[in-house]
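Chemist: Okay, handing you the structure first.
The values are calculated or read from the model by the stated rules, or taken from the named source; none is laboratory data. Quick caveat, the model's predicted, so the values are computed rather than measured. No Cβ is skipped: glycine too gets one built from the backbone with ideal geometry, and neighbour counts run over all protein chains shown.
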Amino acid sequence: MASPGVVVIKDQRFGRHLEGIFHLENPKRLAAFESIMQNPALAGRWQEVIPRLATTEELAWVHTPGYIGKVAKTSGKTLTSFDFDTQTTADSYDTARLAVGGVFSLIDAIQAGKAKRGFAFIRPPGHHAEKDRALGFCLFNNIALGAAYLRNRYGLSRVMIVDIDAHHGNGIQSAFYDSDEVLYLSMHLFPGFPGTGNVGELGRANGEGFTVNVPLGRGHGDQEFARIICHLVLPLAREYQPEMILVPCGFDLYMHDRLGGMRATPKGYALLTRLLIEAAETVCDGRIAFVAEGGYSMKGIRECGLRVMQELCDVKTLNGGKPFNHE
């Protein structure tokens, strides 16, 4: 029987960022996302929601007006470089606003009861973007703005973010470093880009203890990531009792990703997804939103992304539907 209420955000307009430019974060990633949703195993099990553009007022919940204006001024320009890795093209500003609005649209669908969970297949990614700085392929911080949207639009005071990108989400961390209204946990390569995310970075003032970093060396795989979810994320979720869980989902933990340095398999992504769904079912009535971040192997996006979507849609593929023993 089809799984009720799984929402997907996808839109061909996301291909307008860096269109025609040689870059690792390129529109081919969008084609890989699209191929996932055409898989027969998912037929009839999800509903599409059209994303809207975030407003400049909404962007200012996380970013400074000066920085928003700086990105806006790139509109219509063939190529603008913010740093060695991070560029814009003529339509990047509106595409980045659409990415943020896609997260908002996914949240709206979940909060309205149309879905309990879903995935926003958006680009550009966001978790490295600081309040006043583009970084690491990221222009606006999609997830941080999603958490701010939950707070400002819906009055939520406990949001949990579980970052499963291979790189630390420095921008998310800095956005809520002083706040206990967002519990941010990241497992990531360290040392490595962007240089933040050591274990001693715990938050400050009201936010002390609400930032949890799990720095990892190269070569970790499925079981190590699953144990972090089982023995750290699940207990923290039970203690914190979030009203919703957001998952910045990079596909760069995949074993053949060019930038990740880890050894996760598609089966590992299925397992992580199933465990995170279980956490959401336990603490917040199943409300969980996955949002695309990094991932630069097209095969990795297609194969790992399919396993994530299968789990979200209750097409279970793990040992008859059961993850391995949590112990």
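Chemist: Restricting attention to segment 125-135, does a residue exist that is assigned to a loop (DSSP other than H, G, I, E, B), charged (D, E, K, R) and in contact with an Asp or Glu (Cβ under 9 Å, 6 or more places away or on another chain)?
Modeler: Within segment 125-135 (the criterion being assigned to a loop (DSSP other than H, G, I, E, B), charged (D, E, K, R) and in contact with an Asp or Glu (Cβ under 9 Å, 6 or more places away or on another chain)), the answer is no, since none of the residues qualifies.
Chemist: Given Ala31, Ala90, which one is surrounded by fewer than 21 Cβ atoms within 10 Å (Cβ to Cβ), assigned to a loop (DSSP other than H, G, I, E, B) and of a type outside the set (Lys, Arg)?
Modeler: Just a single option satisfies the conditions, and that option is Ala90.
Chemist: Also, quick follow-up: When Asn206 is evaluated against the numbered criteria (1) crowded, with 19+ Cβ neighbours inside 10 Å; (2) outside any strand (DSSP E or B), which criterion, by number, is the only one it fails?
Modeler: (1)
Chemist: Follow-up. Report yes if some residue within segment 61-80 is in a helix (DSSP H, G or I), under 24 Å from Pro194 (Cβ atoms), charged (D, E, K, R) and in contact (Cβ under 8 Å) with a residue 40 or more places away in the chain; otherwise report no.
Modeler: Among the residues of segment 61-80, not one is in a helix (DSSP H, G or I), under 24 Å from Pro194 (Cβ atoms), charged (D, E, K, R) and in contact (Cβ under 8 Å) with a residue 40 or more places away in the chain, which makes the answer no.
Chemist: Next question, about the same structure. Modelled with pLDDT of 95 or more, surrounded by 14 or more Cβ atoms within 10 Å (Cβ to Cβ) and of a type in the set (Asp, Glu) - does that describe any residue in segment 39-58?
Modeler: yes
Chemist: Suppose the filter is among the hydroxyl-bearing types (Ser, Thr, Tyr) and touching a residue at least 40 places away in the same chain (Cβ under 8 Å); does Tyr254 pass it? Before you say what the answer is, go through the steps one by one.
Modeler: Details: among the hydroxyl-bearing types (Ser, Thr, Tyr): yes; touching a residue at least 40 places away in the same chain (Cβ under 8 Å): yes.
In short, yes.
Chemist: Which of the residues belonging to segment 287-312 are assigned to a loop (DSSP other than H, G, I, E, B), surrounded by fewer than 24 Cβ atoms within 10 Å (Cβ to Cβ) and in contact (Cβ under 8 Å) with a residue 60 or more places away in the chain?
Modeler: Once the filter is applied, which keeps residues that are assigned to a loop (DSSP other than H, G, I, E, B), surrounded by fewer than 24 Cβ atoms within 10 Å (Cβ to Cβ) and in contact (Cβ under 8 Å) with a residue 60 or more places away in the chain, segment 287-312 yields Arg287, Tyr296.
One line per residue, one yes/no per condition, for (1) buried (at least 22 other Cβ atoms within 10 Å of the Cβ); (2) not in a loop (DSSP other than H, G, I, E, B):
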| site | (1), (2) |
| --- | --- |
| Val214 | no, yes |
| Phe225 | yes, yes |
| Leu234 | no, yes |
| Val247 | yes, yes |
| Gly268 | yes, yes |
| Leu271 | yes, yes |
| Arg274 | yes, yes |
| Asp285 | no, no |
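Chemist: What are the residues in segment 4-25 that are in contact with a Lys or Arg (Cβ under 9 Å, 6 or more places away or on another chain) and either assigned to a helix (DSSP H, G or I) or within 16 Å of Ala292 (Cβ to Cβ) (or both), if any?
Modeler: Within segment 4-25, the subset in contact with a Lys or Arg (Cβ under 9 Å, 6 or more places away or on another chain) is 4-7, 14-15, 17-18, 24-25.
If the condition is that a residue be in contact with a Lys or Arg (Cβ under 9 Å, 6 or more places away or on another chain) and either assigned to a helix (DSSP H, G or I) or within 16 Å of Ala292 (Cβ to Cβ) (or both), then Val6, Val7, Phe14, Gly15, His17, Leu18, Leu24, Glu25 are the ones that fit.
Chemist: Sticking with this structure for a sec: Please determine, by comparing only the residues of segment 124-170 that are surrounded by fewer than 24 Cβ atoms within 10 Å (Cβ to Cβ), of a type in the set (D, E, K, R) and in contact with a Ser or Thr (Cβ under 8 Å, 6 or more places away or on another chain), which one is nearest to Asn213 (Cα to Cα).
Modeler: Here the answer is Glu130.
Residue-by-condition table, conditions (1) touching a residue at least 40 places away in the same chain (Cβ under 8 Å); (2) closer than 27 Å to Asp180 by Cα; (3) in a loop (DSSP other than H, G, I, E, B):
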residue: Asp83; (1), (2), (3): yes, no, yes
residue: Leu98; (1), (2), (3): yes, no, no
residue: Ser105; (1), (2), (3): yes, yes, no
residue: Ala109; (1), (2), (3): yes, yes, no
residue: Ala115; (1), (2), (3): yes, yes, yes
residue: Ile122; (1), (2), (3): yes, no, yes
residue: Ile143; (1), (2), (3): yes, yes, no
residue: Ala148; (1), (2), (3): yes, yes, no
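Chemist: Just one of Arg123, Arg151, Arg158 is within 27 Å of Arg258 (Cα to Cα) and basic (Lys, Arg); which is it? Walk me through it before giving the result.
Modeler: Numbers: Arg151 fails: within 27 Å of Arg258 (Cα to Cα); Arg158 fails: within 27 Å of Arg258 (Cα to Cα).
The unique qualifying residue is Arg123.
Chemist: Considering only segment 165-192, how many residues are within 12 Å of the chain's Cα centre (by Cα), assigned to a loop (DSSP other than H, G, I, E, B) and closer than 20 Å to Pro242 by Cβ?
Modeler: 2
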